[in-house]
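Everything below concerns the one structure shown next.
The values are calculated or read from the model by the stated rules, or taken from the named source; none is laboratory data. Only a predicted model underlies this, so the values are computations on that prediction, with no experimental measurement involved. Methodologically, a virtual Cβ is constructed for each residue, glycine included, from the backbone with ideal geometry; neighbour enumeration extends over all protein chains shown.
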Amino acid sequence: MVSIEADSSAQGAGKYPIEMKRVAVIGAGSWGTALGIVAAWRGHEVRLWSRNAGVVESINRQHVNAIYLPDSHIPERVQATAKIEEALELAELVILAAPSHATRPILTGMVPVVDPEMIFVSASKGIEIDSGKRISQIVAEVVGEKFQPRFVSLSGPSFAKEVVEKHPTAVVAASPSAGLGRSVQAELSSEYFRIYTNDDVVGTELGGSVKNVIAIAAGMVAGLGFGSNTIAALITRGLAEMTRLALKEGAKLETLMGLAGLGDLVLTCTGNLSRNRFVGQELGKGRSLEEITSGMQEVAEGVKTSQALKSLTRRLGVEMPITSEVHAVLYEGETVQEAAANLMTRPLREEI
């Protein structure tokens, strides 16, 4: 590790001290690429791993991710590779930015070349379908066969495109170790990208996962032509569902009221850059799920997460009616109109 001053290749570092590190980003979609750029702004050397040869070539030759983030310049400090062992060589921060359903097999391939000094930073927002496990649990299970992993969950309201365009953004780094959370906070924060810390990994992960399913519902009602009244009601009741599940799993209420909960929920349910909202909106307009997703470059995590949540809520005995209706539309043949009617005609009850 070498302490350096901010320079032209570390844009956004400003008054933040820089201690150069080697950062591996596993997954070169829009969010993984954006985090690689953020790390490069801070003066770190970044290795960005992708299976896609076209992405690797585009980044290394043109300094742009032509497929996933085509309008953003990628600093020369970021180098792409299709060899995961090359990406991980000497890495101190390992940012996991692949879709949640791909995390376990990717981690399994990483195990031979990871070491106990690495900090694993999850930037994935989803739940494994078959097991219902969060990313922290998958990391602990897979990497834990070799050593106890040092883990941080990075989550919060953040569209990749706006981050790299330097729109002020605030997110959360959650870890049971205050020192690890502060380390990630220090290494990635800048004037444009502000990281807070907390110790609630459960709440942070579940907030980031459930909000994607609620965002599909928000898109559905928008696609049906309903207005602000409906969206506001859906966000509020979606927050209630998210909170019930997270508290049942041992999360803290404050986390769900913060950036990783309410903040991310509002962004994903209302922002035009939300892939999950887009899926719901197109469903509301009458298109099929297969037709919608076949035309998308990246994964809308809520589509698969709704399956995981269906099983998880049944096992835990947690009532999540919006989540249940989204699943019914995606996988049980229910129409969006029927789902909306079912939610509005449920038995009347007290709010709290």
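Residue 311 passes every criterion in (1) modelled with pLDDT under 95; (2) over 20 Å from the mean Cα position of the chain (by Cα); (3) more than 30 Å from residue 175 (Cβ to Cβ) apart from (3). Look at (1) at pLDDT below 95; (2) in contact with a Leu (Cβ under 8 Å, 6 or more places away or on another chain) and you find that residue 47 fails only one, number (1). Might you let me know whether region 267-284 holds any residue that is within 20 Å of residue 133 (Cβ to Cβ), under 21 Å from the mean Cα position of the chain (by Cα) and among the basic types (Lys, Arg)? Checking region 267-284: not a single residue is within 20 Å of residue 133 (Cβ to Cβ), under 21 Å from the mean Cα position of the chain (by Cα) and among the basic types (Lys, Arg).
Per the conditions (1) crowded, with 21+ Cβ neighbours inside 10 Å; (2) in contact with a Lys or Arg (Cβ under 7 Å, 6 or more places away or on another chain); (3) closer than 20 Å to residue 247 by Cα, the sole criterion not satisfied by residue 135 is (2).
The listed residues are 34, 39, 24, and the only one of them that is among the small types (Gly, Ala, Ser) and not in a helix (DSSP H, G or I) turns out to be 24.
Yes/no per residue for (1) touching a helix residue (DSSP H, G or I) at 6+ places or on another chain (Cβ under 6 Å); (2) over 22 Å from residue 276 (Cα atoms):
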position: 174; (1), (2): yes, yes
position: 179; (1), (2): no, yes
position: 184; (1), (2): no, yes
position: 187; (1), (2): no, yes
position: 210; (1), (2): yes, no
position: 219; (1), (2): yes, no
position: 230; (1), (2): yes, no
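You will find that of 250, 238, the residue that is among the small types (Gly, Ala, Ser) and assigned to a helix (DSSP H, G or I) is 238 and no other.
Taken as a whole, the condition of being of a type in the set (Gly, Ala, Ser), in contact with a Cys (Cβ under 7 Å, 6 or more places away or on another chain) and either more than 18 Å from residue 127 (Cα to Cα) or surrounded by fewer than 21 Cβ atoms within 10 Å (Cβ to Cβ) (or both) applies to residue 218.
Of the residues 232, 215, the single one that is in contact (Cβ under 8 Å) with a residue 12 or more places away in the chain and outside the structural domain of residue 155 (by TED's automatic domain parsing) is 215.
Among the residues of region 160-197, those that are in contact with a strand residue (DSSP E or B) (Cβ under 9 Å, 6 or more places away or on another chain), among the small types (Gly, Ala, Ser) and crowded, with 19+ Cβ neighbours inside 10 Å comprise 160, 173, 174, 175, 181, 183, 189. Among residues that are within 30 Å of residue 336 (Cβ to Cβ) and either crowded, with 24+ Cβ neighbours inside 10 Å or touching a residue at least 12 places away in the same chain (Cβ under 8 Å) (or both), residue 227 is not included. Among the residues of this structure, residue 154 counts as one that is under 21 Å from residue 34 (Cα atoms) and touching a strand residue (DSSP E or B) at 6+ places or on another chain (Cβ under 8 Å).
Looking across 105, 116, 112, 99, one residue alone is surrounded by fewer than 17 Cβ atoms within 10 Å (Cβ to Cβ), in the same structural domain as residue 142 (by TED's automatic domain parsing) and within 20 Å of the chain's Cα centre (by Cα). It is 105.
Out of the residues in region 264-291 that are among the charged types (D, E, K, R) and either free of Cβ contacts under 8 Å to residues at least 24 places away in the same chain or more than 24 Å from residue 233 (Cβ to Cβ) (or both), state the one that is surrounded by the fewest Cβ atoms within 10 Å (Cβ to Cβ). Going through the qualifying residues, I end up with 290.
Out of all the residues in region 169-188, is one or more among the basic types (Lys, Arg), on the phi < 0 side of the Ramachandran plot and assigned to a helix (DSSP H, G or I)? Yes, region 169-188 contains a residue that is among the basic types (Lys, Arg), on the phi < 0 side of the Ramachandran plot and assigned to a helix (DSSP H, G or I).
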